[in-house]
1. Which residues, taken from region 72-105, are over 10 Å from VAL45 (Cβ atoms) and among the aromatic types (Phe, Trp, Tyr)?
2. Could you check region 270-311 and list, in sequence order, the residues that are touching a His at 6+ places or on another chain (Cβ under 8 Å) and among the hydrophobic types (A, V, I, L, M, F, W, C)?
3. Working only within region 366-383, note down all residues that are of a type in the set (A, V, I, L, M, F, W, C) and more than 20 Å from PHE170 (Cα to Cα).
4. Counting residues that are in contact with a strand residue (DSSP E or B) (Cβ under 9 Å, 6 or more places away or on another chain) and outside the structural domain of GLY25 (by TED's automatic domain parsing), which helices (runs of 4 or more DSSP H) fully inside region 147-264 reach at least 3?
5. Just to check your reading of the model, which residue among ILE345, ILE339, ILE289, ILE378 is buried (at least 24 other Cβ atoms within 10 Å of the Cβ), touching a Leu at 6+ places or on another chain (Cβ under 7 Å), assigned to a helix (DSSP H, G or I) and touching a residue at least 60 places away in the same chain (Cβ under 8 Å)?
6. Out of region 132-146, which residues are outside any loop (DSSP other than H, G, I, E, B) and over 23 Å from SER84 (Cβ atoms)?
7. For region 141-169, which positions are more than 17 Å from ALA290 (Cβ to Cβ) and surrounded by fewer than 21 Cβ atoms within 10 Å (Cβ to Cβ)?
8. Looking at (1) under 21 Å from the mean Cα position of the chain (by Cα); (2) over 20 Å from VAL24 (Cα atoms); (3) in contact (Cβ under 8 Å) with a residue 60 or more places away in the chain, find the lone condition where SER125 falls short.
Amino acid sequence: MVSIIGYYTTQFGELWEKSLFSLVGEAIDNVLIESGLEKKQIDAVFFGNMLSGILENNLHASAKIAEILKLNIPIFRVEAACASGGSAFNLAVNYVKSQAAETVLVVGAEKMTDFSPEQVVGGLSAASSGEEQESGLTFPGIYALMAQSYLNKNKTKEEDLACISVKNHFHGSLNDKAHFRRQISVSDVLNSAYVAYPLKVLDSSPISDGASSVIITSNKKIIKKAKKPVMVLASEVVNDTISLKKRKNLDSIEATIIAADKVFKKTGLKRKDITVAELHDCFSIAEIIAMEDIGFWKKGEGASGARAYSTMFGRSDNLVVNTSGGLKSAGHPVGATGIKQLGEIYLQLTGRAEKRQVKGAKYGLAHNVGGSGGTVVITILGN
């Protein structure tokens, strides 16, 4: 069995004084300390990153990480848009399962705030189809189309979307590493400017810097010595079309449905067994759609679930979602997001989530999405 034995994340936010690889170095050094390992015990590294080649003209990141580690080991850079971190983790798990290595470091990082909004938006848009880019659609516009489809089919209002942001900002206020640590109200969301109707500024995740890392191993001696190991019960990657117009539905992501069914079948768990989940809330509508696609809510029940704050820390008796603050409040340095999600589940399952600790957390799920659903990674961790 593959287990996570350590996790570290840098602060997420506007970290102008730090470079991409200083963030990577911080994440690597501290996860080694946290796990009690030495560099020489690492057999391989998987690095999740989307934008360094576009924004920094730097594509040979694997050699740079070898330089940081001062090790001659296999190092792989993984790019899958905003699912780069989750995909790197999935590949690392399968690498260990194949017996190519025993102990692997997975790090995800992104440096975004040093560049102009036009440069960042242009880079992110590379994860959409050529036709969408040519028509002027950016991701706020793409998710706005998904939101319009959902709102038109279901009895959902903009106020319901706002409740997702309110919940996640409350969770983020409890997370010292979050980009935004202030609570907001529904009226704050509704009064913020439209980005692409019906989505507003406070329906949207920010541009952030940050790095997160985990160490996984199958080495029984290392697992036995670890403070609190957490098992990787299942991890699945599913791809779909890059273009929205090729999808069966605009108000659902089929890759999420398929990946969720696979991980629950592999683990033998039921949806009700999951007590904590980190879902990809790049926009408020994305969390509602994910809740339904994974099977936590029935189709069309997203509005009532959001309005009731049924997955909010302190209110939910079963499932609490995005205790980190999600992408919305914790921040979204795209290469790091998937690793941070897994790390948050790790903290919850080991009882180290501090002010946001969910009592009795035994099984957790992380859901990482690339683009508008062209790549989905779902992982279940358990004690």
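The values are calculated or read from the model by the stated rules, or taken from the named source; none is laboratory data. Note that the structure is a prediction, hence the values are computed from the model and not measured. Positions of Cβ are generated from backbone atoms using ideal geometry, with glycine treated the same way; all protein chains shown enter the neighbour counts.
1. Once the filter is applied, which keeps residues that are over 10 Å from VAL45 (Cβ atoms) and among the aromatic types (Phe, Trp, Tyr), region 72-105 yields PHE89, TYR95.
2. Pass one, region 270-311, residues touching a His at 6+ places or on another chain (Cβ under 8 Å): 277-280, 282, 286-287, 290, 294.
Scanning region 270-311 gives ALA277, LEU279, CYS282, ALA286, ALA290, ILE294.
3. Looking only at region 366-383, we keep the residues that are of a type in the set (A, V, I, L, M, F, W, C), and these are 366, 369, 376-378, 380-381.
Result: VAL369, VAL376, VAL377, ILE378, ILE380, LEU381.
4. Details: elements: 158-172, 186-191, 220-225.
Here the list reads 158-172, 186-191.
5. Working: ILE339 fails: touching a Leu at 6+ places or on another chain (Cβ under 7 Å); ILE289 fails: touching a Leu at 6+ places or on another chain (Cβ under 7 Å); ILE378 fails: assigned to a helix (DSSP H, G or I).
Matching residue, one of ILE345, ILE339, ILE289, ILE378: ILE345.
6. Step one: list which residues in region 132-146 are outside any loop (DSSP other than H, G, I, E, B), which gives 132-134, 139-146.
Selection gives GLU134, ALA144, LEU145.
7. Across region 141-169, the qualifying residues are GLY141, GLN148, ASN152, LYS155, LYS157, GLU158, GLU159.
8. (3)
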